[in-house]
Every structure is written in structure tokens, then in C-alpha cells.
Amino acid sequence: MKLVVLGKTGFIGNAIFERFQGSMGRDVRGFNSSELNLASPKAADELAKLLDHNTTLVVSARAGKNSDPLKTLEQDIAITNNVARAITIVPVRKCVYFSSIAVYGEAIDNNNTTEETETSPTSLYGISRLAGEFAIKSAAKKARIPLTVFRPCMIYGPGDRVFPYGPDLFLKCALEDVSVKIFGEGTELRDYLHIQDLVKVTEYFIDNDLPGTYLLGTGESRSFIEIIECIKEITQRNVKTDRIEQKQPKINQKLNVQKLIKAFPGLSFIAFREGMRNTFEHAKN
């Protein structure tokens, strides 16, 4: 089987590429933007030349950081549009596309988010992910390609170089003796998935035919304050915090991942404390 990973130097893409690289019975290739600019006008044809009917295509590529958010949106949409065009030129064996729970909207209080929850993105990032879903789904349907769409919550663990607001950023602040900014009481609830669990799930779906849309998360949410207390215990450091007035309504989010668990019998997740300890040990090296 041939495996092509797009976005191989990103947090998710790199972890998947590293897991499969050198594995027996697989021809594994990965590409980043310097090797294959998926936002360029010729990208669809260039990508199509790398594909065949035995290819499993993993799409985790997205636009890099840009000072102009609208430019990032434009590039993100161009990337997924070109991937969609490529798989209609050369239909692949199956496709795995990484979207985001941002398609539901970042300001939506929902303690039972499912795959059927109405999508209503409230950020340019969420809009780009949803637009990507539509483009890839349309192309896959036209080319009769089995498609798996993953909507992950925030991913944490070793290898994160972006550090969005959450566990990896808080740990980084603790190690650098920098204060963590906490909005309001810091009691808002979010789900977090360790990068090793994401890779495990991805491998299972690559090895099995399970098309459809799936939330990626643990089904358990925790507050920012809980995360900081966990980091204090693991690092044995007194993590400093700066309280900032919370001007927006408090938003709690909890994912219902029963569809994922039903598709992957016996699936278990790394306990959050263990995952943070693992991240801490890697950060020290």
C-alpha cells in the first residue's frame, strides 16, 4: 500500500509520517510546502502525478502563519481545492482529511457535541476547515473514493511548535518561568487529545475501511485551572498566573465520541496526567 501524507512537518502530519515511515509493506511519502506548494495554481496536477489507485492520502496540510488572516483563509481554501481536484484526476484508494471542531463555532456552549451538531463556524479558521470538508467530500463522492473526515479537538503532546492556548502553551510558560494568562476564573471546559492517541486512531482507520465524519476527542473535558494544577504537580513548579477580565460569556464544550468508539472497539485514551507527564519529559530533553 502507498501512503502519501500532506503537511508532513506540521504537528499532526509529522507524527503520522514518523509513525509509518519505514514500516513494512508500505511505500510512505510525505510532503511539506517547500516540496509541494499545494496553494499554487499547478498544485492539483503536480499532486495527481504522485498518486495512484493504491494510494491512501492523508491530508493534514494547511496554510502557514500569515500576518493577513484573509490571506491565510485564501491559501487554506486553495490547498483543499487543489487536493480535491487532484483526487478527481487520479482517484485514490481512500482519503483521510483533518478538519477541526472549529467548524461548530468557537463561541458555542455545547456539552453534547456530536457529528450531527449543526456547523456554524465563528472564525476564519473554522470557515476554512468547513469549506475544505465540502470541497473534499464533493470530489470524493464524484470519484467514488472512501473518505474519512476527522474533526479533532485541541491536540497536545511532544512535537507541538505552534503552542495554541492550552496544555502545551501552559507547560512552555511553566518551564520558561513566564506567567500564564487566565481569563476570568479559568473554569471553562475543553477536551484535549494526546498526539499519540490521534496517531493510533489514524492508523486504525487507514488499516480499516471506515468512511464518514468522526469527532476526535476523549469525551472528557477539563478546565484551564485543572490543567495548571496538573502541570504544577508534574513539574514541581509554582506556575505563575495573570488573571485577565473575561469580557466574553463563559463557554463550555464537551464532545460525544460514541461514534468513534463504536468504529474502534476497545479504543482507550492516554490519561491526561500521563499525557502531560510524557510531554514534560520530552520538553526536558
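The values are calculated or read from the model by the stated rules, or taken from the named source; none is laboratory data. Keep in mind that what you see is a predicted model, and the values were worked out from it rather than measured. Cβ: placed from backbone, ideal geometry, glycine included. Neighbour counts: every protein chain shown. Heads up: the accessible areas ignore ligands, DNA and RNA and are worked out on the full protein's heavy atoms, side chains in. Shrake-Rupley method; radii C 1.70, N 1.55, O 1.52, S 1.80 Å.
Here are some notes:
- Shape call, region 35-132: gyration tensor on alpha carbons, a/c limit 1.5: oblate
- Less than 5 angstrom separates the built amide H of Val28 from those of Leu3, Gly22, all sequence-distant by 5 or more or on a different chain.
- Check: region 156-234 dipole with +1 on Lys, Arg Cβ and -1 on Asp, Glu Cβ, in debye: 200 debye
- Taking other residues whose beta carbon is less than 11 angstrom from the beta carbon of Gly64, and scoring Lys, Arg as +1 and Asp, Glu as -1, yields +2.
- The chain, dipole about Cα centre (Lys/Arg Cβ +1, Asp/Glu Cβ -1), debye to the nearest 20: 580 debye
- Among the listed pairs Lys71/Lys284; Lys172/Lys254; Lys141/Lys262; Lys2/Lys172; Lys142/Lys259, those beyond 32 Å (Cα-Cα): Lys71/Lys284; Lys2/Lys172
- The aspartates and glutamates within cross-link reach of Lys137, meaning a Cα-to-Cα straight distance under 18 Å and a gap of 8 or more places when in the same chain, are Asp76, Glu115, Glu116, Glu118, Asp209.
- Using 0.36 nm per residue and subtracting the Cα-Cα separation, the extra length available between Leu210 and Lys181 on full extension is 6.4 nm.
- Coupling constants for region 161-175 follow from the phi torsions by the Karplus curve (6.51 cos²θ - 1.76 cosθ + 1.60, θ = phi - 60°), and in residue order they are 10, 9, 6, x, 4, x, x, 5, 5, 4, 5, 4, 4, 4, 6 Hz; glycine and proline get x.
- Mean Cα-pair separation over length for the chain, i.e. relative contact order, pairs under 8 Å, 6 or more apart, %: 18 percent
- Positive-end extreme of charge dipole, the chain - chosen from Ser138, Pro69, Asn14 (charges on Cβ): Ser138
- Nonlocal amide H pairs with Gly219, under 5 Å, H built at 1.01 Å: Leu255
- Beta-bridge orientation, region 76-231: approximately 20 percent antiparallel, per DSSP, counting only bridges with both partners inside.
- In this structure region 194-285 gives 54 Å² per residue of accessible area when probed at 1.4 Å with all protein chains present.
- Counting only residues at least eight positions apart within a chain, or on another chain, the lysines with an alpha carbon under 18 Å from that of Lys247 are Lys181.
- DSSP bridge orientation in the chain - percent antiparallel, rounded to nearest 5: 10 percent
- Ranking Leu260, Leu210, Leu198 by Cα position along the charge dipole of region 138-285, where only Lys, Arg, Asp and Glu carry charges on their C-beta atoms, puts Leu210 farthest toward the positive end.
- Shape category assigned to region 64-114 from the gyration tensor of Cα positions, a/c cut at 1.5: oblate
- Prolate/oblate/rounded call for region 183-285, Cα gyration tensor, a/c under 1.5 rounded: oblate
- Expressed as a whole percent, the accessible area of region 132-176 that falls on carbon and sulfur atoms is 59 (1.4 Å probe).
- Only DSSP H runs of four or more residues enter the estimate; each adds -39500 (n - 2.57), and after division by the residues of the chain the mean residue ellipticity at 222 nm equals -12000 deg cm²/dmol.
- Take every Cα pair under 8 Å whose residues are at least 6 apart in sequence, average their separation, divide by the length of region 1-105, and the relative contact order is 31 percent.
- FRET efficiency, Gln236 to Leu267 (Cβ-Cβ, R0 35 Å, nearest 0.05): 0.60
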